[in-house]
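Remarks on the structure that follows.
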Amino acid sequence: MPPTRYKIAFIGYLITSLFFIYLGELLGRKLGNNLILIPIFGLLELGWFAYIYYAHTKNIAFLYSTVPVLILLIYELSTTDFQALQQFQSYTRSMASLSLFLVTLYYSYHLIKNKWQTYSTSFFLFHAIVLVYFTYSCLYYLPLQVLITGNPENVLFFWLANSVITLLFYLLTTIVLCKITSKMNTQS
């Protein structure tokens, strides 16, 4: 079974995630924090998933979902002091997750509009996992400043819980995407 474009895109997303983990470690050691990576990763994550939905449906509207987040990222990169932890607040990651939530709702709308003609169980499971994870991610990253400067014991718990949930997301989406056959790459 040859890999479909969205499987290749998901592998690209996983490689990007791994790269950001190592880059975060490097920046954390060299500069003292790696906060600048949070909004940048949010945009890249949105870009990968928007492309996955585009590759599955051939609907260009999914790619346009990245534009508002790109504008917000440019604004935040030009105005935010990423070294001032007490004043740091970035909304790009939450906006990227919200945009992905809206992308999944838009995909659901197209399924219903087309009377489920393009339904694929495996891709729908992938879609459901993405919907749940990015709803969680949007809510998790809203109080980012608290997650950075709050009580160390509570902050450690929240970051550890986020790591476990993110690992589950990677694991579940990988399993579901491996079950999708190339015949299921349909247009909606």
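Need the failing condition index for Gln145 against (1) at pLDDT 85 or above; (2) among the polar types (S, T, N, Q); (3) open to solvent by less than 50 Å² (accessible area, probe 1.4 Å), just the number.
(1)
Against the definition (at pLDDT below 90 and under 13 Å from the mean Cα position of the chain (by Cα)), how does Thr16 come out, yes or no?
Here the answer is no, as Thr16 does not meet what is asked.
Conditions (1) at pLDDT below 90; (2) open to solvent by less than 30 Å² (accessible area, probe 1.4 Å); (3) more than 15 Å from the chain's Cα centre (by Cα), marked per residue:
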{"position": "Pro3", "(1), (2), (3)": "yes, no, yes"}
{"position": "Ala9", "(1), (2), (3)": "yes, yes, no"}
{"position": "Leu26", "(1), (2), (3)": "no, no, yes"}
{"position": "Gly32", "(1), (2), (3)": "yes, no, yes"}
{"position": "Trp48", "(1), (2), (3)": "no, no, no"}
{"position": "Tyr53", "(1), (2), (3)": "yes, yes, no"}
{"position": "Leu73", "(1), (2), (3)": "yes, yes, no"}
{"position": "Ala84", "(1), (2), (3)": "yes, yes, yes"}
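Might you check whether a residue that is open to solvent by less than 80 Å² (accessible area, probe 1.4 Å), without any contact (Cβ under 8 Å) to a residue 60 or more places away in the chain and not in a helix (DSSP H, G or I) occurs anywhere in segment 160-169?
Scanning segment 160-169 turns up no residue that is open to solvent by less than 80 Å² (accessible area, probe 1.4 Å), without any contact (Cβ under 8 Å) to a residue 60 or more places away in the chain and not in a helix (DSSP H, G or I).
Which pairs turn up if I take residues in segment 134-154 that are in contact (Cβ under 8 Å) with a residue 60 or more places away in the chain and more than 16 Å from Val164 (Cα to Cα) and look for partners that are assigned to a helix (DSSP H, G or I) and open to solvent by less than 40 Å² (accessible area, probe 1.4 Å) with beta carbon separation below 9 Å, at least 6 apart in sequence or on another chain?
From residues that are in contact (Cβ under 8 Å) with a residue 60 or more places away in the chain and more than 16 Å from Val164 (Cα to Cα), the pairs are Leu144/Ile38; Leu144/Arg93; Leu144/Ser94; Ile148/Val155; Thr149/Val155.
Would you tally the residues in segment 51-80 being outside any helix (DSSP H, G or I) and more than 21 Å from Gly12 (Cα to Cα)?
1
From the residues in segment 91-119 that are open to solvent by less than 10 Å² (accessible area, probe 1.4 Å) and of a type outside the set (Phe, Trp, Tyr), which one is farthest from Ile148 (Cα to Cα)?
Among residues in segment 91-119 that are open to solvent by less than 10 Å² (accessible area, probe 1.4 Å) and of a type outside the set (Phe, Trp, Tyr), the one farthest from Ile148 (Cα to Cα) is Leu111.
Among what's in segment 118-151 and is among the aromatic types (Phe, Trp, Tyr) and assigned to a helix (DSSP H, G or I), pick the residue that is nearest to Gly28 (Cα to Cα).
Filtering first and then ranking leaves Tyr141.
The values are calculated or read from the model by the stated rules, or taken from the named source; none is laboratory data. Only a predicted model underlies this, so the values are computations on that prediction, with no experimental measurement involved. Virtual Cβ from ideal backbone geometry, glycine too; neighbours counted across all protein chains shown. Heads up: the accessible areas ignore ligands, DNA and RNA and are worked out on the full protein's heavy atoms, side chains in. Shrake-Rupley method; radii C 1.70, N 1.55, O 1.52, S 1.80 Å.
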